[in-house]
Amino acid sequence: MTTKRILFIGGSGIISSASVARAVSLGHDVTVLNRGLSHVRPLPEEVELLRADVRDTDAVTETLGSREFDVVAQFTAFTPPQVQADIDRFAGRIGQYVFISSASAYQKPPQRLPVVESTPLRNPFSQYARDKISCEDVLVHAYREQGFPATIVRPSHTYDRTLIPTMGRRTDLDRMRAGKPVVVHGDGTTRWTITHTEDFAVGFVGLLGRRDVLGEAFHITGDHAPSWNDITRWIAEAAGVEADIVHVPSDVIAEVHPPLGPTLLGDKAFPMVFDNTRIRSLVPEFRPTIPFWDGAAEIVAFHDANPHWQPAEPELDAAFDRMVAAVGH
């Protein structure tokens, strides 16, 4: 394996931290650009940390100077102007630019499953997803018109020990332990692909530095697609309790507590199962191995050890009570 000079923009988040660790473990020369504030996901000692606020263009330009990289992995761009700033900054200085898009960009509701990379990108429900689609459009144009060496990666719901993936996050865990009903959207049987960050990292790092993936897009997800009922029950089991699940229609949830609407109606209310043939054809070692029942145990253990990690959300707790009452439970 040839050692690559890799710059991670971000690098301490749920998705990126495991990829940084894997790149280091494989012997790559890794630099991370962020504010250097994360203590929950510390960087490996071998990583060079460049401190800058990624939203401060002048600070980033000054911090990077004239450095060149084989790969730039961008985890913190969410709008077309942010992507265009990277194109302007890195054109001619890098061998590959890898943009983290999102599987939420895929057609909602999906017309066919499993989802493949050629599934249309259209999500009228989520501004976040529409912004990611627009970012992809900017990169595709830059690749076609000027040869900018972009590769697009679309993760689905990726988690680590800090992330409770249900609607209520820590509030759901607290409600379970208090013996209160836990709201699950729809009838709870929708299949939802959920991916551990360490599994994602295997596929992601396997694409870095490859010249034969420029101009292409890949999703990288697990093969594990349990129902929301199962996801909720496994969290409860890890917490040592039994979940009292109450099913509430998604539109009722969005009406009672509007902040939940875009993520739910624009993503989680629909089944999402993916065909990972493309990424496996290039990265054969990508074989996701962590099922969510193991992930749930890891999540609960972390939150028990860090009770202040996510603050209480009394407004959300009260909203769930109203939802339960609305369906007559």
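The values are calculated or read from the model by the stated rules, or taken from the named source; none is laboratory data. No experiment lies behind these values; they were computed from the predicted model shown. Because the Cβ atoms are built from the backbone with ideal geometry, glycine has one as well, and the counts that use them run over all protein chains shown. Areas reflect the complete protein model, heavy atoms only, side chains present, ligands, DNA and RNA absent. Shrake-Rupley method; radii C 1.70, N 1.55, O 1.52, S 1.80 Å.
Share of carbon and sulfur in the accessible area of the chain stands at 50%, probe radius 1.4 Å. Under the criterion of Cα pairs below 8 Å and six or more residues apart, the relative contact order for the range 186-329 equals 36 percent.
Mind running the shape call on the range 37-173? Use the C-alpha gyration tensor, a ≥ b ≥ c as the square roots of the eigenvalues: rounded below 1.5 for a/c, prolate if a/b tops b/c, oblate otherwise. The partial results should precede the final answer.
Details: a/c = 2.11, a/b = 1.18, b/c = 1.78.
In terms of gyration-tensor shape, oblate.
Taking amide H as placed 1.01 Å from N in the peptide plane, the amide H of ARG191 sits under 5 Å from that of MET272, each at least 5 places away or on another chain. Dipole check for the range 152-222: with +1 at the C-beta of Lys and Arg, -1 at the C-beta of Asp and Glu, and the Cα centre as origin, the magnitude is about 260 Debye.
Cross-link reach is defined here as a Cα-Cα straight distance under 24 Å, omitting same-chain residues fewer than 8 places apart; for LYS268 the lysines meeting it are LYS108, LYS132, LYS180. Taking amide hydrogens as placed 1.01 Å from N in the peptide plane, the amide H of ALA217 sits under 5 Å from those of ILE152, each at least 5 positions away in sequence or on another chain.
Kirkwood radius and radius of gyration were both taken over the C-alpha atoms of the range 192-314, and their ratio Rg/Rh is 1.03. For the chain, averaging the sequence separation of C-alpha pairs within contact (under 8 Å, six or more residues apart) and dividing by the residue count gives a relative contact order of 18 percent.
The gain in end-to-end length when the ARG169 to ALA325 segment is fully stretched comes to 54.1 nm, 0.36 nm per residue minus the alpha carbon separation. Close amide-amide hydrogen proximity is noted between VAL182 and ASP244, ILE245, VAL246, each under 5 Å apart and 5 or more residues distant or on a separate chain (H modeled in the peptide plane; Pro and chain starts excluded). Under a Gaussian network description of the chain, with springs only between Cα atoms under 10 Å, the residue in LEU260, LEU26, LEU121 that fluctuates furthest is LEU26. Phi angles across the range 4-10 convert, under the Karplus curve 6.51 cos²θ - 1.76 cosθ + 1.60 with θ = phi - 60°, into 3J(HN,Hα) values of 10, 8, 10, 9, 9, 9, x Hz, Gly and Pro given as x. Computed over the alpha-carbon atoms, the chain gives an Rg to Rh ratio of 0.97, Rh here being the Kirkwood radius from the mean inverse distance. Residues in the range 247-252 carry Karplus couplings, in order, of 8, 10, x, 4, 5, 5 Hz; the curve used is 6.51 cos²θ - 1.76 cosθ + 1.60 with θ = phi - 60°, and Gly or Pro positions show x.
Entry note, the chain: the mean residue ellipticity at 222 nm calculated from DSSP H runs of n ≥ 4, each adding -39500 (n - 2.57), is -11000 deg cm²/dmol after division by the residues and rounding to the nearest 500. Its Cα centre serving as origin, the range 79-234 has a Cβ charge dipole (Lys and Arg +1, Asp and Glu -1) of approximately 420 debye. In the context of the full set of protein chains, residues of the range 191-298 present 40 Å² of accessible surface per residue (probe radius 1.4 Å, heavy atoms only).
Placing +1 on the Cβ of every Lys and Arg and -1 on the Cβ of every Asp and Glu, with nothing else charged, gives the chain a dipole about its Cα centre of roughly 520 debye.
Loop-located trypsin sites (Lys or Arg not before Pro) in the range 1-95 (DSSP state other than H, G, I, E, B) with a sparse environment of at most 15 neighbouring Cβ atoms within 10 Å: ARG35, ARG55, ARG67, ARG93. One Cα centroid belongs to the range 272-311, the other to the range 1-66; the line between them spans 22 Å. Once the chain from SER38 to ARG122 is taken as fully extended at 0.36 nm per residue, the excess over their C-alpha distance is 26.9 nm. Solvent-accessible surface of the range 1-102, taken per residue with a 1.4 Å probe and all protein chains present: 45 Å².
Ordering ALA254, TYR97, ILE231 by Cα displacement along the dipole of the chain toward the positive end leaves TYR97 in first place; charges were set at the Cβ atoms of Lys, Arg (+1) and Asp, Glu (-1).
Residue by residue, the range 186-197 carries 3J(HN,Hα) couplings of x, 9, x, 9, 4, 7, 9, 6, 10, 10, 6, 4 Hz when phi is fed to the Karplus relation 6.51 cos²θ - 1.76 cosθ + 1.60 (θ = phi - 60°); x denotes Gly or Pro. Backbone N atoms of the range 128-161 closer than 11 Å to the 7 Å Cα→Cβ label point of GLN84 belong to residues 138.
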